[in-house]
Amino acid sequence: MITQEKALPVITSKQEKIRVLLVEDDEDDYVLTRTLVSAPENATIRLDWIDNYADALEAIQRKEFDVYLVDYRLGEYTGIDLIQEAFRLGSSAPMILLTGQDDLAVDYSALELGAADYLVKGRIDPQLLGRSIRYALRQAETLAELVKNENKYRALFERSVDAIFVMDNQMVFQDANPSVEQLLGYNRDDLKKLNVARLFGNVDALREIRFIVRKHNQLKDYETTLVSHNGRKRTCMISIWSVDDTSGHPNWYQGIIRDVTEQKRAQQDLIVAEKLTMTGKIARSIAHEVRNPLTNLSLALEQLKEELPENDEYTVVFTDIIHRNVERIGQLITEMLNSSKPRDLDRKPQNLTMIVRDTLHLVSDRLKLKSMQLITDFCKGECIALLDHEQIKTALLNILINAVEAMEPGRGILRITTFCTDDDQVCVEVQDNGSGISEENRQRLFDPFFTAKSTGMGLGLTTTQNIINSHRGNIEVMSKLGEGTTFRICFPIAER
């Protein structure tokens, strides 16, 4: 039951009334509270009364009042029980706890639960009560505005496509949006416990980031490689800026991570395409300029052999040398043309693991002759991609032969792994424990005519890259001198 106070002074001000509900099981205390509210300084307050817990909870759910005065004793319940249940049901109206004794434990409990104030009945006067009600109402309005703004910015934070994070002044994660979780593969709780160094492929990059941020209080578009939870490497641009405390010292840091892996890959593919185009032009030019005189040379040799004595030992030796080298030059020109021209592909849904198995048969004899160990870890499921079976075999064979030649006989270990990634890629990794590749040579590995071998034209890996690019795949090379090299080739998974 709600009892409404009607004998209030006439209000001449146009101020809107503050609707206050007193939850009190003692009618005498209600009369005393009504007297305090009836004072002239509290003319803007309208007081209603409920004498039990259940009715009070229903009134709170109807959201008819601006402020609640809640007695600590409510029969079998307490005012703290009511405040706790009201907030659980989503009430945002301020609640002031009233008690007959000054108990700090009750005070702290009420404030911890979210009560706006705590008043001892015997010490309340009209001015104190009015001030407490008005203060609680203003505080609630301010809090509601803060919550509204927080929800707005939290929505921007949560829905941002860019990966946004917050760190403390020790650069330890405090918060991160879903884009960070998706990019790095860790949830927020894991990020808070994570040693940040684990995210960097190069720890020196982390040291440099910390130095720049602490010196300049900001960092803009720093490019580095981040390693996700599943070991996937992504090229990222990191921007960080500090948020200072009242004394002007960095209190925490906010940052954005942009994944530019695909952008970098597209740029690299464009560079490769330009190189292959240039190689093709050179190859066609050489073929035109060399093959004509080479054909004349071959015809002249045949004519010369008819004119010279057939049984002359020197004639046979020298004409054979000329013939073999003419054929070798023609073969090199053909290889050069094949390495640079676009491939005519017969792409079909293929299991990458099966192609890898077929290719391994072609190098099995080399491995046995050199007493090398082969370790395979093939994907249990179907790694299906749109592939040209023979072209992919050619590309893999070039890599496998290079791996075998890089390892020492009797000590070589070749590891082959196939797997599917979380971002819809099917991949194969070829890892050897050979001599490794220097960083300078790794950067030039796919350049036409580049080779570290004493023989060969340096077109094998150029051909491999051309084949992989034509399948819209990508190839990565990781290597350390003296430890070995890993080639990772990935293709888009075929849509089922």
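The values are calculated or read from the model by the stated rules, or taken from the named source; none is laboratory data. These numbers were taken from a predicted model, which means no experiment stands behind them. Cβ: placed from backbone, ideal geometry, glycine included. Neighbour counts: every protein chain shown. Remember, those area values only see protein heavy atoms, side chains included, never the ligands or the DNA or RNA. Shrake-Rupley method; radii C 1.70, N 1.55, O 1.52, S 1.80 Å.
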Next on the checklist: Among the residues of the range 384-418, what is the count of those that are in a loop (DSSP other than H, G, I, E, B) and within 16 Å of residue 474 (Cα to Cα)?
Outcome noted: 1
Next on the checklist: Filter the range 16-46 down to the residues that are closer than 19 Å to residue 82 by Cα and not in a helix (DSSP H, G or I) and list them by number.
Outcome noted: 19, 20, 21, 22, 23, 24, 25, 26
Next on the checklist: What's the number of the only condition in (1) open to solvent by less than 20 Å² (accessible area, probe 1.4 Å); (2) without any contact (Cβ under 8 Å) to a residue 12 or more places away in the chain that residue 136 fails to meet?
Outcome noted: (2)
Checklist entry - Hey, among the residues in the range 139-163 that are open to solvent by less than 80 Å² (accessible area, probe 1.4 Å) and in contact with a Ser or Thr (Cβ under 7 Å, 6 or more places away or on another chain), which one's farthest from residue 236 (Cα to Cα)? => result 140
Next on the checklist: Which count do you get for residues in the range 53-71 that are without any contact (Cβ under 8 Å) to a residue 40 or more places away in the chain and either hydrophobic (A, V, I, L, M, F, W, C) or under 17 Å from residue 31 (Cα atoms) (or both)?
Outcome noted: 4
Checklist outcome for this item: Reported set for the range 221-252 where residues are under 30 Å from residue 426 (Cα atoms), at pLDDT below 90 and surrounded by fewer than 13 Cβ atoms within 10 Å (Cβ to Cβ) is 230, 231
Item to check | Enumeration of residues in the range 191-207 that are free of Cβ contacts under 8 Å to residues at least 12 places away in the same chain, out of contact with any Leu (no Cβ under 9 Å at 6 or more places or on another chain) and of a type outside the set (S, T, N, Q) | outcome: 193, 203, 204, 207
Item to check | Breaking point among (1) open to solvent by 30 Å² or more (accessible area, probe 1.4 Å); (2) farther than 20 Å from residue 132 by Cα, for residue 74 | outcome: (1)
Checklist entry - Quick check, is residue 435 within 35 Å of the chain's Cα centre (by Cα) and part of a loop (DSSP other than H, G, I, E, B)? => result yes
Next on the checklist: Between 89, 32, 21, which is surrounded by 17 or more Cβ atoms within 10 Å (Cβ to Cβ) and either within 48 Å of the chain's Cα centre (by Cα) or at pLDDT 85 or above (or both)?
Outcome noted: 21
Next on the checklist: Here is a check on your reading of the model: is residue 44 open to solvent by 60 Å² or more (accessible area, probe 1.4 Å), among the β-branched types (Val, Ile, Thr) and either under 15 Å from residue 128 (Cα atoms) or in contact (Cβ under 8 Å) with a residue 60 or more places away in the chain (or both)?
Outcome noted: no
Next on the checklist: Whether any residue in the range 460-476 is modelled with pLDDT of 90 or more, part of a strand (DSSP E or B) and among the hydrophobic types (A, V, I, L, M, F, W, C) is what I want to check.
Outcome noted: no
Item to check | Residue list for the range 411-449, restricted to those being among the basic types (Lys, Arg) and modelled with pLDDT under 85 | outcome: 442, 444
Item to check | Test set (1) closer than 16 Å to residue 332 by Cα; (2) open to solvent by 60 Å² or more (accessible area, probe 1.4 Å) - residue 307 fails condition number | outcome: (1)
Item to check | Neighbours by Cβ (under 6 Å, 6+ apart or cross-chain): first from the range 208-220, open to solvent by 100 Å² or more (accessible area, probe 1.4 Å); second not polar (S, T, N, Q) | outcome: 218/241
